[in-house]
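> Handing you this structure, nothing more for now.
Quick note: the coordinates plus some simple rules give every number you see, no bench work behind them. Since we're looking at a predicted model, the values are computed, not measured. Cβ atoms come from the backbone with ideal geometry, glycine included; neighbour counts cover every protein chain shown.
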Amino acid sequence: MGRYLEMINSPADVKLLNQEQLITLAQEIRDELVTALSKSGGHLGPNLGVVELSIALHKVFSTPKDRFVFDVSHQIYVHKLLTGRRQVFHKIRQTGGPMGFALREESPHDCFGAGHAGTALSAALGMAAGRDHAGTDEQVVAVIGDAALTNGITLEALNNIKHTTKRLIVVLNDNEWSIAKNVGAISDYLNRIVTNPRYQAVHKKFEHFMHRLGPEIVKIEHKVEEAFKSLLVPSVLFEEFGLRYIGPINGHNLPKLIETFEWAKKQDTPLLIHLQTVKGKGYEKAMEDPQTFHGCGPFDIATGKSPAKKEGAPPNYQDVFGDAMVRFSDVNSRLVGITGAMPSGTSLIKLQKAKPERYFDVGIAEEHAVIFAAGLATMGFKPVCAIYSSFLQRAYDCIIHDVALQNLDVIFCMDRASLSANDGPTHHGLFDIAYGRCVPNATLMAPKDEDELADMLWTALQHHGAIMIRYPRGAGEGVQVKSRPALLPIGKAEVIQHGTDVAVIFYGAVQSIARGIVAGLQAEGKSVALINARFCKPIDQETLEKYGQIAKVICTVEDGVLMGGFGSAVMETLADSHIRTPVVRVGWPDKFIEHATSNKDLQDKYGMNAATGIAKVNEALAIAAQPQQFRVVTADARPA
């Protein structure tokens, strides 16, 4: 760790350094980012790109009084290093260490938590409105990426800035990437501003001329430059929204950034400062492959390579899905794939490469993705929306209003429908069972392994209506995927083994936990059934009623929140059939689950394991074995 970085224990220490020292600090921070994240993994590329920006913000402004609102906030690592978390930074995204996103509970310098795109501008505008109403003088700075401009929430906020406040600074960090390369008209528009040859030539000559006139004249530089800009870049989008546009500025020129922010904080009009940055700046491997190093695992610094996957290791669920999409597109000409800026994460990149005309990347715009899919469905296509479980939450109304209500054939393949341990609560996919169950016309499936995932996608393509298939992040179970997929009967469970004392029913890729419960109970001499639910909606009422009458206790296992989840569906089904067999449930509690080094750390902490299931079953069996106690209520005992 460099000597200047070792001196930084709070933002006040940044202000003590001169520009030459700050430039050295920037290099030390880059070295620290590469070293630390090579061991833990994390969002390396985005943070390497905002080093100078983060330093300049803390040099000019004063948090926590002044407020920095980071969109997505995956680029907040440098901010964390400068705000008192340097000594624990090596544990970022690990158990007991800092979260990889902004977290209000972690530090007063994190004024707004985030993990999804498009939230910063609305939140910052709310803070500015609150400041104006209270009559205080803090600065509010929203740091957004160019990818956030494709998000509907950002555009809604832009529409309200002019009529809400006169003091707001928006920093547009333009690196041409979200996770994948940015797509769409907004990206093209920014590129036209940046590459306009007439503007670039005048911009450079004008800047040089103004600085030759001396520091007294620099304060009018931006105003005069706007006049030139309006002639060269007509109808600048941001000006139409009421933001004064400044830029583009080299986002790695630290003195220029400091000078610009010093000027900006004195203005009495909303500003948009357009910075051009390089994702992965300072580490050659990250600049060569921005997509891989957006969010990476541990890697070798010299080669940039992650540890090789063990020979014979199971494929990841998303890769099984991607391969199936390519395979099924050969026999179904109406199949198309849709992603929201996640071609690699969802493995739809496989379809993009094989059949680019059947692939759509709509950018970070999940609501649009869902309604776009609905439109395709009305034309007879079979659109498959591959969207992370926690990201699909953002389009919930669209699922209900635009797909399910019209009973359109849209398939939602929900990747990361489980824990995303290093990322934490913004990325855990634990709510989709509960939020999907109450949607009419929707069918909910979850495979026990990678072969069943292919079967479910194939089945969904033959079925009518909205389909939601959930599967976790990471490696499958090591089961060979059949060359010809099976057509599964909708709403029918798979009875793996019969038993009469306890029925263990699992939903999704939690078979190992369920089998652990079965093995533990069988070791105690109990007869145990094992059932793969396959479907949460429609649920297999016939099988549930059968085992509800046979077994003494039913145990459900699911990788989602228990509140309104699969176990709740089982209890409701039995109650509707007037079956009183006790049901114990293994799943996640009614709370937001924090980040950790591994899924196992969190599973052990919250009892998402076989030991919990065995203990709950035995407790229920012991209660069931006790004679029923009846209490006679006299008239005197009745409440008044």
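> Which value in Å is the Kirkwood Rh of the chain over different Cα pairs?
So the Kirkwood estimate lands at 26.9 Å.
> While we're on this one: So what's the net charge close to GLY49: Lys and Arg +1, Asp and Glu -1, counting the other residues with Cβ under 12 Å from its Cβ?
Once all neighbours under 12 Å are counted, the net charge is -1.
> Now a separate question. List the aspartates and glutamates whose Cα sits under 15 Å from the Cα of LYS281, skipping any in the same chain fewer than 8 residues away.
GLU28, ASP31, GLU32, GLU52, ASP174, GLU176, ASP289
> For the stretch 67-150, rounded, prolate or oblate, judged on the Cα gyration tensor with a ≥ b ≥ c (square roots of eigenvalues), a/c < 1.5 rounded, else prolate if a/b > b/c?
Oblate, because a/c is 1.5 or more while a/b does not exceed b/c.
> Under a cut-off of 16 Å between alpha-carbon atoms, report the lysines in cross-link reach of LYS353, not counting same-chain residues fewer than 8 places apart.
Answer for LYS353, where 16 Å is the Cα cut-off: LYS181, listed by chain and number.
> Filter the cross-link list LYS382/LYS482; LYS546/LYS616; LYS39/LYS256; LYS91/LYS482; LYS305/LYS350; LYS65/LYS162 down to pairs whose alpha-carbon distance in this structure exceeds 31 Å.
Going by Cα-Cα distance, LYS39/LYS256; LYS91/LYS482 fall outside the 31 Å limit.
> Next up: Quickly rank 115-125, 41-51 as a protection proxy: mean count of other C-beta atoms within 10 Å, highest first.
Result, highest mean first: 41-51, 115-125.
> With an 8 Å Cα cut-off and a minimum separation of 6 or more residues, compute the relative contact order for the chain in percent.
11 percent
> Still on this structure, I have one more. Can you give me the long-range amide H partners of ILE249? Hydrogens built in the peptide plane at 1.01 Å from N, cutoff under 5 Å, separation of 5 or more residues or another chain.
HIS274, LEU275, GLN276
> Moving on to the next point. Quick one: if you take sqrt(5λ) for each eigenvalue of the C-alpha gyration tensor of the stretch 448-526, what semi-axes come out, biggest first, whole angstrom?
Numbers: eigenvalues 146, 45, 26 Å².
Semi-axes (√(5λ), whole Å): 27, 15, 11.
> While we're on this one: Considering every Cα-Cα pair within the stretch 1-98, what fraction, in whole percent, is farther apart than 22 Å?
Cα-Cα pairs in the stretch 1-98 separated by more than 22 Å: 21 percent.
> Okay, next question. Given the peptides 279-286, 528-535, arrange them by the average over their residues of other C-beta atoms within 10 Å, most packed first.
528-535, 279-286
> Between the stretch 468-541 and the stretch 40-108, what's the alpha-carbon centroid distance in Å?
Between the Cα centres of the stretch 468-541 and the stretch 40-108 lies a distance of 42 Å.
> Now for a separate question. If you add up the charges near HIS595, with Lys and Arg at +1 and Asp and Glu at -1, over every other residue whose beta carbon is less than 10 angstrom from its beta carbon, what do you get?
Details: positive: ARG93; negative: ASP423, GLU594, ASP601.
For residues surrounding HIS595, the net value is -2.
> Quick check on the exposure proxy: order LYS266, LYS15 from fewest to most C-beta atoms within 10 angstrom.
LYS266, LYS15
> Using the alpha carbon gyration tensor of the stretch 494-625, what are the three equivalent-ellipsoid semi-axes (square root of 5 times each eigenvalue), largest first, in whole Å?
They are 22, 17, 13 Å, listed largest first.
> In what sequence do VAL557, VAL60 fall when counting other Cβ within 10 Å, fewest first?
Least to most surrounded, the residues fall as VAL60, VAL557.
> Right, something else. Give me VAL88, VAL320 sorted ascending by neighbouring Cβ count inside 10 Å, so fewest comes first. Please list the in-between numbers first.
Numbers: VAL88 13, VAL320 24.
Result, fewest neighbours first: VAL88, VAL320.
> Continuing with this model, one more query. Sort 296-304, 425-433, 580-588 by packing, meaning the average of other beta carbons within 10 Å per residue, with the highest value first.
Highest to lowest by the protection proxy: 425-433, 580-588, 296-304.
> Something else now. Over the stretch 373-513, what per residue volume does the convex hull of the Cα atoms give, in whole Å³?
It comes to 128 Å³ per residue, whole-number rounded.
> Run the helix sum for the chain: -39,500 (n - 2.57) per DSSP H stretch of 4+ residues, divided by residue count, reported at 222 nm to the nearest 500 deg cm²/dmol.
-11500 deg cm²/dmol
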